[in-house]
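Just below is one structure, and these are the notes that go with it.
The values are calculated or read from the model by the stated rules, or taken from the named source; none is laboratory data. The shown structure was predicted, so the numbers you read here are calculated from the model rather than taken from an experiment. All Cβ positions, even for glycine, are placed from backbone atoms using ideal geometry, and neighbour counts span all protein chains on display. Areas reflect the complete protein model, heavy atoms only, side chains present, ligands, DNA and RNA absent. Shrake-Rupley method; radii C 1.70, N 1.55, O 1.52, S 1.80 Å.
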Amino acid sequence: MKKMIIFVLVLVLIFGGLILVVNYQNSKQLDGVDNPYGKTDLNQTTIDQLDDEIYQNQILPDELAERLENGEDTTVYFYDPNCSHCQKTTPVLVPIAEEYEVNLVKMNLEEFKDQGNVYNIQSTPTMIHFENGQESARIVGEQPQQNFENFFETEVLESE
């Protein structure tokens, strides 16, 4: 019985040590990196994207709410870094937004899960265009490039 207790304690210590090492490594990864999320307990998939150019221009929930309260026109790309459809869509969508000179802000739903309910996001990726602070258009899911171009042409640029 004594050996069993010692064995369990050793296992607990090993797992506790591993958790501390992983947390320490994650905090070190955030040192010197621009962290737009305003928090340090980021998921690993988010940490992995911090230096990736296509995942810049993040918007925080309070910033988005303020823009909408002020009636600002805003186009938001809601994504989850773990979503395979998002991983395929983002590298296609971001260059199109840049080509059309659309200020596409991004909301990471892995970090801000509650925002999916706030904006009625049923699946990712989802892009919503807000006019005068109200939703005016939405496109959901992995789409052909032409669909995103049409969205920007008809829903975003025509409203400006």
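Data for the structure
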item: Calculated over the chain: convex hull of Cα atoms, volume per residue (Å³); result: 134 Å³
item: Axial C-alpha extent at least 18 Å, average Kyte-Doolittle at least -0.5 - helices from the chain (DSSP); result: 2-30, 84-99
item: Heavy atoms of Leu9: accessible area, 1.4 Å probe, square angstrom to 10; result: 100 Å²
item: Of all accessible heavy-atom area on region 46-157, the percent that carbon and sulfur account for (1.4 Å); result: 40 percent
item: Residues Gln44 and Phe7, FRET efficiency given R0 of 45 Å [Cβ-Cβ distance, rounded to 0.05]; result: 0.90
item: Length-normalised contact order of the chain in % [C-alpha pairs under 8 Å, at least 6 apart]; result: 23 percent
item: Along the chain, longest interval not containing exposed trypsin sites (Lys or Arg not before Pro), exposed being DSSP loop plus at most 15 other Cβ atoms within 10 Å; result: 40-112
item: Accessible area in the full protein assembly, largest first, 1.4 Å probe, for Val94, Val8; result: Val8, Val94
item: Spatially near lysine pairs across the chain, Cα under 20 Å, sequence gap of 8 or more or different chains; result: 4
item: Estimated FRET transfer efficiency when R0 is 22 angstrom, pair Asn132-Glu153 (beta carbons, to 0.05); result: 0.65
item: 222 nm mean residue ellipticity, helices alone, for the chain (DSSP H n ≥ 4; -39,500 (n - 2.57); rounded to 500); result: -13500 deg cm²/dmol
item: Reference-scaled alpha-carbon Rg (2.2 N^0.38 Å with N residues) for region 96-160; result: 1.12
